[in-house]
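Worksheet: one structure, shown below.
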Amino acid sequence: MNIALVFPPFYFEPMYNMPPLGLINLATALKGSPHRVKIFDFPLAIRLKELRLGKEIYAECARQILAAEPDIAAFSVQCTTYPPAVQIAGRLKELKPGLKIVFGGHNAAFVDEATLTRFPFVDVIVRGEGEITFPELIRALDGRNGLDRIAGITFRNGSGVARTPDRELIEDLDLLPLSDYGFVASPSVYRDACELQRSIAILEVGRGCPHRCIYCSQSLIWKRRTRTFSVERLIREMQNLARNFGVECFLLAYDQFTTNRKFVTEFCGSVIDAGLSHIPWYCISRLDTVDEDILKLMREAGCESMCYGIDSGSPRTLAFIRKNIDSRILLQRVRETTDRQIVPTLSFVIGFPEERKEDVEQTLRLALLSAVTGNANILVQMATTLPGTDLHQRYSGALVREVDTYFSLGIEFDDGKRLASDDALIDSDPALFSSFYNLPCPAAPLKDLNHIANYFAVLASLYPRTFLLLSMEPDRSVFDLFFLFLDHVERKTGSRSITARDCYLHFESFAAQLLAETAPPVRAHIPEIARYETCLIDAGKYDVQPSSFHIDLERMGELRPLLNRKVLIEPFTFNIPAIILDAKFGRFEKTYPKAGTNLIFRQLDGRVNVSEINDFGMDFLRICDGRRNLEDIARELYPRYGTTAAGMEEFSLMCAEAARTLSDLMVLVPGPPESPVRR
């Protein structure tokens, strides 16, 4: 039999695509069988321009699938891709009535009977783990077994729908074969198509979640149990993907990665022992399962970034969603994570159906405090009602369609808009397509909550300290302050949206305007904090590269140092590093004494580094314009700074040493011997 495994079309520019591990695992499970398997990765095809966006996208997908002459077409479907899967499946059945259509994935598993009842062209739904169920299903569809003998499926039985008992979870995940990435394009193809720096692959570490969060379907699909692959198996998988498929980065798929300290310690130690710690990886963690020691070990093993699911800063909301987060350790964990050079992403959710404005305010304030504490990445999303969850069961009758949230984006195929046929399909059945719907929230209109979800993180990532300080001057709601800035940007640009460029161009003036309204401001250092954060943005535009500048004391007359164009030097009237350090530890003094500080901003390996420099160094750099040689610079600075030296000759050596130090820091580069260069 010919089997088509289909990853439905999806295109969302901010989100990169990776090889579809679920389909790869199904294809791997069929290796050695007489069947021919082909994976259709339509999100990649869109990136490669092998599949054009437009009104005919579904017809083209069906044409490409049918060109492989399949007997079975199996779709992996989740929230956003459910409408495309339905649209393509309907066309396939119309063009080839004998083709068997199979759906699988979390979304399908919880609306299995409703899907088969609503869409007669879908034949079977695979529920739960598919690596064992799917090969059994193929054998049955090949005429060797009856469908009713296969656990974990829902199928069309004459004019009705039959549902077999759930399949038991796979006890020993190590029994599954290593995922064969030969069924899809090389990870480097995904890297280049998405314009990434590295080839990324998903490394499935384990399955399951024991918690009962009201909005999550993960724990339900895995029956609130957790299982992991053995560390030995994971190391073999990493070696295989790195050596044979050129993978340069791993995304560890398992929400409970750090729950078992013994497991994560053994994993990190084995990664180091196997010589794999040079390959960076990303993971998901809980705040209460890490500490300084485990973070240190994870960093040594290659952990580069991690996600903490915080959800809310409101105790009332946390109780509603059944999430237990100890806010007392949150900021400490963020500090510990960033201090280990691991970049944390903190995920927050707003808009639950019982939330009030003060609940959202507590969440936004906590997000800002987190960003200030450790320069964490902030992610804010609106609550999504997923099939099968308690949120869906309790509130599905209240669903409305008003705004498109994160989990409903990616199928805007008609010139940036959703196809009319998709909208009609979604409108027709809120229960099946609930991820495209919203739940009214007492906190604010849905449109306002969506503005927060879309744009708050932009502002919080660029100006977290200034934003937080403004909310204290005088006491202002972070919620209200955000919308004041949104109004400010709209007046400037005519658009009610916020981009990073909008923040860069308009936030300092917004802060100045607000402070003028409360003149004199209590916190006189706020404008300089805003300028400091703008300098971080400016320095982040360029990565500083090592120079070949060599100081030869015998040839000082020929050396013409030039301030690196990618480096920024700025004077401040307050001791900005001290204020930033206070904020990191949650201290926000109303006043600070004037204390002049000179700072150097430069980006190294993707991170902006800030260093202090004394007045001599600042004046030295100001006149390093590529025209003056070291002797000229020494003569110009000698009247002010030469009193500490025995004479001009010794002061010249001091200047040469300063140039050597600054060139090592990549702040100075060699200027051309001729053709003056101006900064």
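The values are calculated or read from the model by the stated rules, or taken from the named source; none is laboratory data. None of these values were measured; they are calculated from a predicted model. Here Cβ is always computed from backbone atoms with ideal geometry, including for glycine, and neighbour counts include all displayed protein chains.
Annotations
- For the range 173-229, a tally of residues being part of a helix (DSSP H, G or I), touching a residue at least 12 places away in the same chain (Cβ under 8 Å) and under 22 Å from L386 (Cα atoms) returns 3.
- Residues that are of a type in the set (D, E) and surrounded by fewer than 16 Cβ atoms within 10 Å (Cβ to Cβ), drawn from the range 195-233: E195, E232
Let's see how each residue does on (1) at pLDDT below 90; (2) among the acidic types (D, E); (3) within 20 Å of L459 (Cα to Cα):
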| site | (1), (2), (3) |
| --- | --- |
| D502 | no, yes, yes |
| L514 | no, no, yes |
| T534 | no, no, yes |
| I537 | no, no, yes |
| D543 | yes, yes, no |
| I576 | no, no, no |
| D582 | no, yes, no |
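- Top-ranked residue of the range 261-286 - restricted to ones that are under 26 Å from R212 (Cβ atoms) and touching a Gly at 6+ places or on another chain (Cβ under 9 Å), ranked as surrounded by the most Cβ atoms within 10 Å (Cβ to Cβ): S285
- Residue check, F134 at pLDDT 95 or above, within 21 Å of P8 (Cβ to Cβ) and surrounded by fewer than 23 Cβ atoms within 10 Å (Cβ to Cβ): no
- Failed item, numbered, when H488 is tested on (1) at pLDDT below 95; (2) in contact with a His (Cβ under 8 Å, 6 or more places away or on another chain): (1)
- Sole exception among (1) in contact (Cβ under 8 Å) with a residue 60 or more places away in the chain; (2) within 17 Å of P20 (Cβ to Cβ); (3) surrounded by 24 or more Cβ atoms within 10 Å (Cβ to Cβ) for T80, by number: (3)
- Counting only helices (runs of 4 or more DSSP H) that sit completely within the range 1-91, those holding 1 or more residues that are among the basic types (K, R) correspond to 42-47, 57-66.
- Selection status of A108, within 30 Å of the chain's Cα centre (by Cα), part of a helix (DSSP H, G or I), small (G, A, S) and buried (at least 23 other Cβ atoms within 10 Å of the Cβ): yes
- Meets criteria (in a helix (DSSP H, G or I) and more than 26 Å from F267 (Cβ to Cβ)) for Q332: no
- Remark: pairs (first residue in the range 571-596, farther than 21 Å from R328 by Cα and basic (K, R); second residue at pLDDT 95 or above and part of a strand (DSSP E or B); Cβ separation under 6 Å; 6+ apart in sequence or on different chains) = K594/T573.
- Filter result for the condition that a residue is more than 19 Å from L459 (Cα to Cα), buried (at least 23 other Cβ atoms within 10 Å of the Cβ), within 23 Å of the chain's Cα centre (by Cα) and aromatic (F, W, Y), over F348, F352: F352
- Listed by first and then second residue, the pairs with beta-carbon distance under 9 Å, at least 6 apart or on different chains, first residue in the range 122-142 and in a helix (DSSP H, G or I), second among the acidic types (D, E) and at pLDDT 95 or above, are L141/D71; L141/D123.
- Residue tally, condition closer than 20 Å to K447 by Cβ and surrounded by fewer than 20 Cβ atoms within 10 Å (Cβ to Cβ), over the range 457-480: 3
- Scanning the range 45-90 for residues that are in contact with a helix residue (DSSP H, G or I) (Cβ under 6 Å, 6 or more places away or on another chain) and farther than 20 Å from F119 by Cβ yields R47, L48, L51.
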